[in-house]
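Okay, structure first, notes after.
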Amino acid sequence: MLRLPCPYCGERDEPEFRFAGEPAVRPGSDVGDAVWAAYLYMRSNEKGPHREVWSHAGGCGQFFLLERDTVSHAVLRALRPGEAS
Ligand SMILES: [Zn+2]
């Protein structure tokens with residue numbers, strides 16, 4: 001079973017977590033439908049090291065950033081939102 005590190009609680013089993021997408025900057029209200037569609041539906045789906053947003057839904061409920069390799073499933077690091085760089 002995959003184990004993920006919550007930066008608030010420590011390492012837990014993957015079923016306690018929910019994938020919440022890729023980090024994205026929300027567009028302003030003055031943009032068109034194409035920009036909103038890209039924001040809502042287009043994902044990079046990168047192969048290799050990748051940054052994702054996860055929630056520890058079955059634990060503390062906090063959102064955090066997880067860097068992992070999408071090929072090997074190796075977890076590189078977990079960051080609290082303010083720690084992102
Ligand atoms: Zn947690």
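Please treat every number below as a calculation from the coordinates, not as lab data. All of these numbers come straight from a predicted model, not from anything done at the bench. Here the Cβ positions follow ideal geometry from the backbone for every residue, glycine too, while neighbour counts run over all protein chains shown.
Compare the Cα positions of ALA20, TYR41, HIS56 along the charge dipole of the chain (+1 at Cβ of Lys, Arg; -1 at Cβ of Asp, Glu; about the Cα centre) and return the one farthest towards the positive end.
With unit charges placed on the Cβ atoms, the residue in question is HIS56.
Going by a 4.7 Å Cβ-Cβ cut-off, which cysteines of the chain have no partner at all?
Those would be CYS60, since no other cysteine Cβ in the chain comes under 4.7 Å of theirs.
Using only helices, what value at 222 nm comes out for the chain when you add -39,500 (n - 2.57) per DSSP H run of length 4 or more and divide by the total residues, to the nearest 500 deg cm²/dmol?
Value at 222 nm, helices only: -3000 deg cm²/dmol.
Assign one of three labels to segment 3-83, namely rounded, prolate or oblate, based on the Cα gyration tensor with a ≥ b ≥ c the square roots of its eigenvalues; rounded applies when a/c is under 1.5, prolate when it is not and a/b is larger than b/c, and oblate otherwise.
Here segment 3-83 falls in the prolate category.
At a Förster radius of 22 Å, what calculated FRET efficiency corresponds to the Cβ-Cβ distance of ALA57 and LEU79, to the nearest 0.05?
That gives a FRET efficiency of 0.80.
Work out the length of the dipole vector of segment 3-83 about its Cα centre, built from +1 on the beta-carbon of each Lys and Arg and -1 on the beta-carbon of each Asp and Glu, and round it to the nearest 20 debye.
100 debye
Calculate, in nm to one decimal, what ARG12 and LYS47 gain on full extension: separation in residues at 0.36 nm each, minus their alpha carbon distance. Could the numbers behind the result be given before it?
Values: separation 35, 0.36 × 35 = 12.60 nm, distance 2.44 nm.
That works out to 10.2 nm of additional length.
Report, by chain and number, residues whose modeled amide H sits under 5 Å from the one on ALA20, excluding near sequence neighbours (fewer than 5 apart, same chain).
VAL53, TRP54, SER55
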